[in-house]
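Structure first, then comments.
The values are calculated or read from the model by the stated rules, or taken from the named source; none is laboratory data. As the structure is a computational prediction, the values presented were derived from the model and not from experiment. So basically every Cβ, Gly included, is an ideal-geometry build from the backbone, and we count neighbours across all protein chains shown. What goes into the accessible areas is simple: the full protein's heavy atoms, side chains included, and nothing from ligands, DNA or RNA. Shrake-Rupley method; radii C 1.70, N 1.55, O 1.52, S 1.80 Å.
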Amino acid sequence: MEIPNLITEMESLKVQEVEKVDQKLVDPDLSVKHDDAAHEPMKPEEKPNAARASALDTILKSLWKINVFKKALTSFTEVDQLRDFILNNLSLTHPMESNGVYDFLVTILELLPRWKTGNDEEEEEDDEPLKSKFEVYETLSKICNRCKMEIEYPPEPAYGLIVVANSLRRIKASHLFPCSIPTAFHDAKKRFWLLSQCAFEDLTFEKILKVERITLMMPCDKEGCGKRSYVERGINTLPSVFTIALEWENNETEEEISATTSVLATEIDISEIYKYKGDSIFTKYRLVSMVCLWGDQYSCIAYENKSWVLHFDNENEVLGDWGGVLSSFAKLKIRPEILFFENVMGQIKGTDKIVFGSLGETF
């Protein structure tokens, strides 16, 4: 069963809503703490921006494919109610900035607690806010190379990872040609580790993400030291949904899109990306849906009935296996901008099946 087409009726519904209500401008900052936004009346002549309207529908359609999200909403009617609530509280008139769809997703997630307020009849069993299913609490720790002082910083909340798309193909090229690793890695030990990863191991999507993130250095906190050392990233708890956002330059060639998306995988182990300090054995996540930019409009690609399906406007196209998806990315110049991975434990609860492998075999 699919979500009713949200795009075809969007214009008339949105115009009615914006004429009736004030719009709230929500800070798209990634922090989970936000001040209440000031009301700014919407002028009747202002019309929803087409790209934002497309992004809103595509985000909601992609979220609906996630078991924990679907369980929380319970019905298509609640999807419509959520959409109407967003229309009343989020400005859709401003143009989408480059790769701004992720910021748009964050503002939607930030609105969820306010939308659920008052809907006490259908509370989740664990009373956990829906937006918390998407939160990742990352801890940073380091050991000073000079004074050996160890320090661990308080967890910082975020909604997954933001990755520069061209860094994926750059690191992949380093795997094929290890000598091309940037000389910016001036630390000899770190450069040797990168060379060993590239030359002697299969550089999976998780390892590429880890390599892309190990370059962060911070000065020592001990007074009088100040030596910069590499930071290790860890998590203590597993999110229900792990989100990866790709930032594109918007002028990639077919070959560059192909080289970038060929790095992606349909299954990841989050313990390969972070140092996981918990005790759960369910550290694997399965890709369930993506928000993609196709031209100047957004589309959803989701895994349904053992096939990948492209949802664009009011049309659906079966792409087949993951290879068909990768071919479509390059051929149609489709750029995946948000990838939603769901924990396999959530998939067990949602479907009574565990999904493995790149082609989506079920057991």
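For residue 208, indicate whether it is in contact with a helix residue (DSSP H, G or I) (Cβ under 8 Å, 6 or more places away or on another chain), crowded, with 18+ Cβ neighbours inside 10 Å and farther than 21 Å from residue 160 by Cβ. For residue 208, the condition - in contact with a helix residue (DSSP H, G or I) (Cβ under 8 Å, 6 or more places away or on another chain), crowded, with 18+ Cβ neighbours inside 10 Å and farther than 21 Å from residue 160 by Cβ - is not met.
Of all residues in region 47-81, how many are buried (at least 21 other Cβ atoms within 10 Å of the Cβ) and assigned to a loop (DSSP other than H, G, I, E, B)? Residues that pass the stated criteria total 3. Cβ-Cβ distances below 8 Å connect the following pairs, each with a first residue in region 276-289 that is closer than 13 Å to residue 241 by Cβ and polar (S, T, N, Q), a second residue that is open to solvent by 20 Å² or more (accessible area, probe 1.4 Å) and part of a strand (DSSP E or B), and a separation of six or more residues or different chains: 289/303. Any idea how many residues of region 292-325 are at positive phi and modelled with pLDDT of 95 or more? Qualifying residue count, region 292-325: 1. Taken over region 154-163, the criterion of being open to solvent by 60 Å² or more (accessible area, probe 1.4 Å) and touching a residue at least 24 places away in the same chain (Cβ under 8 Å) is satisfied by 155, 162.
Checking the structure you have, find out if any residue of region 274-291 is modelled with pLDDT under 95, farther than 30 Å from residue 49 by Cα, in contact with a helix residue (DSSP H, G or I) (Cβ under 7 Å, 6 or more places away or on another chain) and surrounded by fewer than 16 Cβ atoms within 10 Å (Cβ to Cβ). There is at least one residue in region 274-291 that is modelled with pLDDT under 95, farther than 30 Å from residue 49 by Cα, in contact with a helix residue (DSSP H, G or I) (Cβ under 7 Å, 6 or more places away or on another chain) and surrounded by fewer than 16 Cβ atoms within 10 Å (Cβ to Cβ).
Per the listing 167, 174, 180, the residue uniquely at pLDDT 85 or above and in contact with a helix residue (DSSP H, G or I) (Cβ under 7 Å, 6 or more places away or on another chain) is 167. For region 197-220, what are the residues that are at pLDDT 85 or above and more than 17 Å from residue 155 (Cα to Cα)? The answer is 204, 205, 206, 207, 208, 209, 210, 219, 220. The combined condition, being open to solvent by less than 40 Å² (accessible area, probe 1.4 Å), of a type outside the set (Lys, Arg), in a loop (DSSP other than H, G, I, E, B) and closer than 23 Å to residue 66 by Cα, is not fulfilled by residue 245.
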